[in-house]
Amino acid sequence: MTRPYDDVNAEQLQRDADEHLLSYGTSYHPEIITSADGIYVETHSGHRMMDFTSGQMSCLIGHGNPEVVQVIHEHAQHLDHLFSGMISPPVINLAKRLTSVTPAGLDKAFFLSTGGESNEAAIRLAKFYTGKFEIVGLAGSWHGMTGASLGAQYHAGRSGYGPLMPGNLVLPSPNAYRSIFRHPDGSYDWKTELDYGFDLLDKQSCGSLAAVILEPILSSGGMLELPPGYLKAMKDHCVKRGMLLIIDEAQTGLGRAGDMFAFTHHTEDEGVVPDILTLSKTLGNGIPLSAVITSDEIAIYAKENGFLFYTTHINDPLPAAVGDKVLEIVLRDDLVSRSRLLGLRLQAGLKRLQSKYRCIGDVRGRGLMAGVEIVGDRETKASATEIGNAIAKHMMEMGLWAQLATIASFGGVFRIAPPLTVTEDQIDRALAIIEEALRKTPGTQALPQSIDYKL
């Protein structure tokens with residue numbers, strides 16, 4: 001089958017890119033990507049790589065999924081885009097299917113384009129409902145590049161652009177590997193850290209605390225998991241102060257982390273439901289689609305009091321149809337259980353590699369969402385991004401794309417998130433490539449043990 005870009009002049013394209021593309025804060029891959037299918041991406045030179053980042057952590061069921069392709073074809077031809085005041089069957093169907101799998105208290109939804117946009121809407125809704133304006137985020141957060149969502153994120157992108165939205169406050173990110181808050185036995189004392197953070201918030205606040213926004217696993221922050229019980233303690237702090245809880249599941253939603261929604265994972269957090277939930281990335285499988293879901297109570301208040309978030313592409317039928325198909329496939333094929341089981345295989349393999357190479361300081365994550373932190377010294381936990389970059393380069397050459405990230409502030413953490421349709425053999429192949437890349441890279445501090453993975 002002939003593909004659109006099988007015969008390209010890569011050198012000319014690269015010159016055109018240098019001349020005409022505006023930089024947006026990242027370095028580009030050294031080769032131009034001309035094809036993506038299933039779990040693979042391919043460059044203009046024919047170099048084929050397993051995509052263990054699912055694009056931008058989005059292609060939940062693989063590139064070019066034939067059922068999704070069919071939905072796009074049908075709706076591009078017959079029902080693509082409408083006036084924002086019109087609704088269509090795919091929008092209604094997606095809202096019905098989505099709210100049928102969310103916990104009670106997440107009852108009504110609308111649909112936008114990107115994660116930043118959905119978080120923007122969620123923050124605006126929280127301010128409107130509470131009548132307050134202060135928004136609290138975690139220090140390692142990433143919520144988007146629009147005004148309010150950027151104001152609530154602290155990982156990167158704050159300096160050099162003038163004042164951000166007023167009323168933004170920060171809590172420390174729960175980082176079991178690096179936090180200075182410790183029990184006498186050395187274990188992580190996240191509760192004291194959280195209580196201390198809120199004590200500082202209360203001193204800084206002008207009395208208008210509206211909401212906390214957080215991710216169940218802080219991906220850009222280094223794949224940091226919220227500890228068991230953290231969400232319950234956070235919710236208690238919010239209730240005490242009359243704040244809403246917004247949970248951003250852009251990357252963790254729809255089974256990525258081994259549960260349909262990652263905030264439901266820990267039994268210690270049972271019964272905790274966010275006031276507003278946002279989804280994006282995984283919902284559209286690479287098509288720009290995001291969702292804002294909230295309670296009947298908040299939805300009724302918003303409707304009766306004239307809440308406004310009116311955009312050109314709100315509730316567009318084509319992306320909604322894709323989202324409905326993605327969710328249908330996730331449920332039909334039980335991909336949540338698949339993610340959980342294959343995640344155990346992935347985590348076990350990564351921990352075996354950690355037992356052989358001292359440069360792997362920590363392995364974390366859940367389901368098919370893993371983080372591998374590269375350090376120069378396990379005792380000091382000094383970051384070693386140069387070693388990580390060298391490992392990544394060898395992995396790429398051997399056919400595995402699982403980058404450290406191209407933004408320096410992400411630090412020396414590999415973020416690994418293959419499609420939920422990945423096979424056991426593909427996971428084992430990826431682990432073998434990582435092992436070989438570690439073996440080839442100077443400074444990885446190999447220990448005298450054996451690993452089962454073979455190329």
Next item on the list: Would you check which residues across the range 281-294 are farther than 12 Å from residue 122 by Cα and small (Gly, Ala, Ser) and list them?
Entry: 284, 286
Checklist line | Filter result (open to solvent by 20 Å² or more (accessible area, probe 1.4 Å) and either part of a loop (DSSP other than H, G, I, E, B) or of a type in the set (S, T, N, Q) (or both)) within the range 61-72 | finding: 64, 65, 70
Next item on the list: Go through (1) more than 30 Å from residue 78 (Cα to Cα); (2) surrounded by fewer than 21 Cβ atoms within 10 Å (Cβ to Cβ); (3) out of contact with any Gly (no Cβ under 8 Å at 6 or more places or on another chain); (4) not polar (S, T, N, Q) and name the single condition residue 400 misses.
Entry: (2)
Checklist line | Complete set of residues in the range 1-52 that are surrounded by 10 or more Cβ atoms within 10 Å (Cβ to Cβ), over 30 Å from residue 66 (Cβ atoms) and among the charged types (D, E, K, R) | finding: 11, 15, 16
Margin query: For the range 309-346, give me each residue that is open to solvent by 50 Å² or more (accessible area, probe 1.4 Å), touching a strand residue (DSSP E or B) at 6+ places or on another chain (Cβ under 9 Å) and either free of Cβ contacts under 8 Å to residues at least 24 places away in the same chain or assigned to a helix (DSSP H, G or I) (or both).
Written below: 340
Checklist line | Members of the range 135-156 found to be open to solvent by less than 30 Å² (accessible area, probe 1.4 Å), assigned to a loop (DSSP other than H, G, I, E, B) and in contact with a helix residue (DSSP H, G or I) (Cβ under 6 Å, 6 or more places away or on another chain), listed by number | finding: 143, 144, 156
Checklist line | Those residues of the range 376-393 which are under 17 Å from residue 179 (Cα atoms) and of a type in the set (Asp, Glu), in sequence order | finding: 377, 379
Checklist line | Residues being without any contact (Cβ under 8 Å) to a residue 40 or more places away in the chain, part of a loop (DSSP other than H, G, I, E, B) and not aromatic (Phe, Trp, Tyr) - total across the range 14-34 | finding: 7
Next item on the list: Could you run through the range 73-127 and say how many residues are farther than 17 Å from residue 273 by Cα and part of a strand (DSSP E or B)?
Entry: 3
Checklist line | Matching residues, the range 347-366, being out of contact with any helix residue (DSSP H, G or I) (no Cβ under 9 Å at 6 or more places or on another chain) and assigned to a loop (DSSP other than H, G, I, E, B) | finding: 355, 358
Notebook entry, point to check: Are any residues in the range 102-116 open to solvent by less than 40 Å² (accessible area, probe 1.4 Å) and either closer than 28 Å to residue 79 by Cα or in contact with a Leu (Cβ under 8 Å, 6 or more places away or on another chain) (or both), and if so, which ones?
Noted result: 102, 106, 109, 111, 112, 113, 115, 116
Next item on the list: Starting from the range 421-450, keep only residues that are open to solvent by 70 Å² or more (accessible area, probe 1.4 Å), then list their pairs with residues that are assigned to a helix (DSSP H, G or I) and not hydroxyl-bearing (Ser, Thr, Tyr) whose Cβ atoms are within a distance under 6 Å, requiring at least 6 positions of separation or different chains.
Entry: 440/394
Note to self: Any residue in the range 165-188 that is under 28 Å from residue 360 (Cβ atoms) sitting within a Cβ distance under 9 Å of a residue that is polar (S, T, N, Q) and surrounded by 18 or more Cβ atoms within 10 Å (Cβ to Cβ)? List the pairs, counting only those 6 or more apart or interchain.
What the structure shows: 173/141; 179/173; 188/175
Item checked: Of all residues in the range 35-58 being of a type in the set (S, T, N, Q) and part of a strand (DSSP E or B), the one that is nearest to the chain's Cα centre (by Cα) -> 35
Next item on the list: Taking the residues in the range 151-169 that are out of contact with any Gly (no Cβ under 6 Å at 6 or more places or on another chain) and hydrophobic (A, V, I, L, M, F, W, C) as candidates, determine which candidate is modelled with the highest pLDDT.
Entry: 169
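The values are calculated or read from the model by the stated rules, or taken from the named source; none is laboratory data. What you see is a predicted model; the values in this text were computed from it and never measured. Cβ atoms come from the backbone with ideal geometry, glycine included; neighbour counts cover every protein chain shown. Note: accessible area is taken over every heavy atom of the protein model, side chains too, but ligands, DNA and RNA are not part of it. Shrake-Rupley method; radii C 1.70, N 1.55, O 1.52, S 1.80 Å.
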